[in-house]
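The values are calculated or read from the model by the stated rules, or taken from the named source; none is laboratory data. Computed from a predicted structure; not experimentally measured. Methodologically, a virtual Cβ is constructed for each residue, glycine included, from the backbone with ideal geometry; neighbour enumeration extends over all protein chains shown.
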Amino acid sequence: MAGDQAIRMALFGPPGVGKGTQAVLVENAEGIAHISTGDALRKAVADGTEVGLKAKAYMDRGELVPDDVVIAIALDSIGREGRSGFILDGFPRTVAQADALDKALAELGTPLALVVNLQAPEDELVRRLSGRRVCARCGVNYHIESKPPAVPGKCDQCGGDVIQREDDRPEAIRNRLRVYEEKTAPVISYYAGNSVLRNVDASGAADMVFERVEAVLKTVNGQSVR
């Protein structure tokens, strides 16, 4: 993509919409860092960093990690990995996180240029998620449509039983989608108000969705997002 500035974007979307897949495709195509705060949080805890130890204290008590700690972890990852651009995967998750992130990035002179909200019909999301299977022994993931095990019900790697997790059953999935909408709607509205939000149809094959994401990346209001 033409331009001499880094791409700085966030990627939203409900469970099953393909955020992780699209984030990796953008990362590979554009040479920018894919930053998942969940992964960054686990790494900070494992590495025993100052902010990781703060997060661990809450996690050990079974409490949610406060927004300020999550923001600190996100900014640390951006500072270390995102100098040449970044894509935030499913973050920020609250308006407080979004506001704090925007203020911090503005101080650094690196505000978000784009927020992509991936959308797909609920029935398609349920179909995708309810088709997921996992090996009960080694944890390898499968899908009954796109990646079935060679022997039905048995793991290709270890021969263990391939099962459907309780949270991948249709009713549980629909509940997760409702919770997502309730929690994320205010964040989507926040970014819509900042004129950086773009909705992208995430129906169909991953490569087709990526073409739509790339089309949005190339221009926002007639200007490169770089």
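Is there a residue being polar (S, T, N, Q), part of a helix (DSSP H, G or I) and either closer than 30 Å to Ala215 by Cα or modelled with pLDDT under 90 (or both) anywhere in the stretch 48-66?
No, the stretch 48-66 has no match at all.
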Failed item in (1) buried (at least 16 other Cβ atoms within 10 Å of the Cβ); (2) free of Cβ contacts under 8 Å to residues at least 40 places away in the same chain; (3) of a type outside the set (Gly, Ala, Ser); (4) in contact with a helix residue (DSSP H, G or I) (Cβ under 8 Å, 6 or more places away or on another chain), with Glu166 passing the rest: (1)
Among the residues of the stretch 155-172, which ones are touching a strand residue (DSSP E or B) at 6+ places or on another chain (Cβ under 6 Å) and not in a loop (DSSP other than H, G, I, E, B)? Val162, Asp168
Per the list (1) surrounded by fewer than 19 Cβ atoms within 10 Å (Cβ to Cβ); (2) closer than 25 Å to Leu112 by Cα; (3) touching a Phe, Trp or Tyr at 6+ places or on another chain (Cβ under 9 Å); (4) not acidic (Asp, Glu), residue check on Thr37 breaks on (1)
Scanning for something in a loop (DSSP other than H, G, I, E, B) and either aliphatic (A, V, I, L, M) or closer than 24 Å to Ile87 by Cα (or both), does the stretch 179-189 turn up at least one residue? no
The number of residues in the stretch 74-115 that are more than 20 Å from Pro186 (Cβ to Cβ), in a helix (DSSP H, G or I) and touching a Lys or Arg at 6+ places or on another chain (Cβ under 9 Å) is 2
Per the list (1) free of Cβ contacts under 8 Å to residues at least 60 places away in the same chain; (2) of a type in the set (Phe, Trp, Tyr); (3) closer than 27 Å to Ser195 by Cα, residue check on Phe86 breaks on (1)
Complete set of residues in the stretch 63-115 that are surrounded by fewer than 19 Cβ atoms within 10 Å (Cβ to Cβ), among the hydrophobic types (A, V, I, L, M, F, W, C) and out of contact with any helix residue (DSSP H, G or I) (no Cβ under 9 Å at 6 or more places or on another chain): Ala106
Scan Arg128, Arg137 and give me the residue that is surrounded by fewer than 15 Cβ atoms within 10 Å (Cβ to Cβ) and either in contact with a Gly (Cβ under 6 Å, 6 or more places away or on another chain) or assigned to a strand (DSSP E or B) (or both). Arg137
